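The structure appears right after this line, and notes come after that.
Each reported figure results from applying straightforward, stated rules to the coordinates on display, with no laboratory input. Worth saying up front: this structure is predicted, and the values here are computed from it rather than measured. A quick note on method: Cβ atoms are made from the backbone with ideal geometry, for glycine too, and the neighbour counts reach across all protein chains shown.
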Ligand code: 23J
Ligand code: MN
């Protein structure tokens, strides 16, 4: 099959509904939960604001439009290599310089929902990924690896989403050896359904925040606050995750879309 035929078949499948588009994005608005860091660090991403410029009234009779106030790392978003000190020198590591070929790629969805519901500090390990591969097939170079926890059910409740107590936030994520293994396999990146790519307790790991540290050290990417991963197959979906082309941006809200077979 030629590439032209491949695209033509995709177009037919999209038009007929044989391939469905699943929205893996949370609503972005004033109630979007935001990251809370330990008190020694700045975390003053403001709550999202949506301000009307006009709304079919005196300020513009025929049109409505808004201006926004939002941080790069708000809601369903993309982490670029320049987000972390380990990735700061990559010339193609900012939102405006990443090769857009990377914004459309296959994804592997590892179902950790039961484990995460039993233990909010659950960590997916290298051994866990290898066991998943034995069942579903290998993770290949250039593919996303997504951790399904069904944490998107808490998206409208910042308290539950962040799940913090006096010892800090308790949300699932990857272990150090998990991300090391994915980088050996040359995965495109790592995505989660929680506030960030790292587990809530990851500040105390070695290195601190290993998903951020190791992904961006390898010029790879992160995705946070993904939704609807329960509607994706373990393998076979294609994920579209294009950040805004923010100049020197370290990340960006995205509209994450998955192409999945309807059957
Ligand atoms: C800054 C520092 C630590 C973390 C984060 C940002 C994120 O999770 C993020 O949104 O990239 S853990
Ligand atoms: Mn981020």
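How would you rank 117-126, 219-228, 166-175, highest first, on the average number of other Cβ atoms within 10 Å across their residues?
In descending order of packing, they fall as 219-228, 166-175, 117-126.
Take the Cα atoms of the chain, build their convex hull, and give its volume per residue in Å³.
163 Å³
Would you mind telling me which residue in 75, 60, 29 has the biggest mean-square fluctuation in a Gaussian network model of the chain, where springs connect alpha carbons within a distance under 10 angstrom?
Looking only at 75, 60, 29, the biggest GNM fluctuation is shown by 60.
Computed from the mean reciprocal separation of all distinct C-alpha pairs, what Kirkwood hydrodynamic radius does region 1-126 have, in Å? Walk me through the numbers before you get to the answer.
On the way: mean 1/r = 0.0506 Å⁻¹.
The Cα-based Kirkwood calculation yields 19.8 Å.
By what distance, in whole Å, do the Cα atoms of region 60-105 stretch along each of the three principal axes, largest value first?
49, 23, 19
Using only alpha carbon positions, build the gyration tensor of region 115-164, then give the equivalent ellipsoid semi-axes as the square roots of 5 times its eigenvalues, largest first, whole angstrom.
26, 13, 8
Need the full-extension length gain, residue 14 to residue 67, defined as separation in residues times 0.36 nm minus the C-alpha distance. One decimal, nm.
15.8 nm
What base-10 log of the normalised intensity I(q)/I(0) is obtained for region 1-71 from the Debye formula, alpha carbons as equal point scatterers, at q = 0.19, 0.22, 0.27 Å⁻¹?
For region 1-71 at q = 0.19, 0.22, 0.27 Å⁻¹, log10 I(q)/I(0) is -0.84, -0.95, -1.16.
In vacuo Debye scattering of region 135-255, one point per C-alpha: log10 I(q)/I(0) at q = 0.13, 0.17, 0.21 Å⁻¹?
Listed by q, the Debye log ratios stand at -0.53, -0.92, -1.36.
For the ranges 149-160, 46-57, what's the packing order if you count other beta-carbon atoms within 10 Å of each residue, average per peptide, and put the highest first?
149-160, 46-57
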